[in-house]
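The values are calculated or read from the model by the stated rules, or taken from the named source; none is laboratory data. Please read these numbers as outputs of a predicted model, since none were measured by experiment. Counting neighbours? That spans all protein chains shown, and the Cβs are built from the backbone with ideal geometry, glycine included. For the accessible areas, the whole protein counts, side chains as well, though only heavy atoms, and no ligand, DNA or RNA atoms are used. Shrake-Rupley method; radii C 1.70, N 1.55, O 1.52, S 1.80 Å.
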Amino acid sequence: MDIGAWKTVRVELEDGIAWVELNRPEKRNAMNPQLNADMIDVLETLDRHGALGLLVLTGAGDAFCAGMDLKEYFREVDASPEHVQRRVRRDANYWQWRLLRTYAKPTIAMVNGWCFGGAFTPLVACDLAVAADDATFGLSEVNWGIPPGSVVSRALAETIGSRAALLYIMTGRTFSGSQAAEMGLVNWSVPRERLRDEVEALARELLDKNPVVLRAAKLGFKHCREMSWDGAEDYLYAKLEQSQFLDKERGREQGLTQFLDEKRIRPGLQTYERQA
């Protein structure tokens with residue numbers, strides 16, 4: 001079913017999955033100020049939606065996202081008062097990184113086509129990513145006279161090695177979805193005709209997991225990378241204890257009972273059987 005109405009984003013909720021589609025196909029889904037504002041509202045609206053278990057981010061037509069809209073985000077905003085420039089940049093950064101990277105629900109980027117420049121930020125902010133083999137990736141900023149902006153370079157440093165990152169940052173060359181998978185920018189790639197089915201299968205696998213534990217696990221990983229070993233140990237134990245306190249279905253207790261007492265599951269090979 002559809003949920004809400006936004007000018008530049010289309011959202012469909014289906015069996016616990018929110019399919020969030022950047023919807024400016026005539027501009028290859030380039031991000032303008034309106035899209036950035038819409039995405040903030042989309043993410044905050046979906047966060048409140050009780051039936052939602054997972055979010056998939058993709059693009060309409062033959063593109064995931066062509067990056068920032070050069071006319072509307074750069075040229076027009078450059079001519080605006082400074083307070084407008086600050087707001088526009090704040091909106092972009094807020095949803096693309098701050099909000100999406102630590103989103104309460106699991107997130108998957110489904111890269112169906114062109115993925116350029118600023119699109120690397122929400123791509124990497126998503127927990128997981130699957131691309132079409134023939135998707136086209138590129139950091140084209142150097143070709144029109146700027147280095148990658150915002151936290152695009154930080155996003156690359158989070159996912160791929162420095163040699164590959166610098167090659168594409170400094171040359172503006174493009175690379176395919178299968179190459180993106182080899183570099184670790186996405187988890188894997190598949191033929192385009194299988195992309196949605198592959199992402200949906202992954203989404204269903206995640207929906208079978210305990211949502212409280214899943215949230216603690218992903219946030220624990222993302223935050224501990226910037227900590228010392230001692231700080232990470234303390235923080236991760238705290239996340240474990242927090243998840244047990246918040247978990248109303250008592251997953252740890254169910255899992256231990258089903259494995260040790262009832263001999264029904266093997267945790268190394270399957271998820272415990274969650275009770276409704």
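Could you grab me the full set of residues in segment 220-238 that are surrounded by fewer than 18 Cβ atoms within 10 Å (Cβ to Cβ), in a helix (DSSP H, G or I) and of a type outside the set (Ser, Thr, Tyr)? Within segment 220-238, Phe221, Lys222, His223, Cys224, Trp229, Asp230, Gly231, Ala232, Glu233, Asp234, Leu236, Ala238 qualify. Taking the listed residues Gly161, Gly177, the one that is out of contact with any His (no Cβ under 9 Å at 6 or more places or on another chain) and surrounded by fewer than 18 Cβ atoms within 10 Å (Cβ to Cβ) is Gly161, with no other qualifying. For segment 184-204, does any single residue satisfy the condition of being open to solvent by less than 80 Å² (accessible area, probe 1.4 Å) and touching a Phe, Trp or Tyr at 6+ places or on another chain (Cβ under 6 Å)? No, segment 184-204 has no match at all.
Taken over segment 118-158, the criterion of being open to solvent by less than 50 Å² (accessible area, probe 1.4 Å), among the acidic types (Asp, Glu) and either outside any helix (DSSP H, G or I) or at pLDDT 95 or above (or both) is satisfied by Asp127 alone. From the list Ala30, Ala37, Ala5, the one residue that fits, being touching a Gly at 6+ places or on another chain (Cβ under 8 Å), within 29 Å of Lys71 (Cα to Cα) and aliphatic (A, V, I, L, M), is Ala30.
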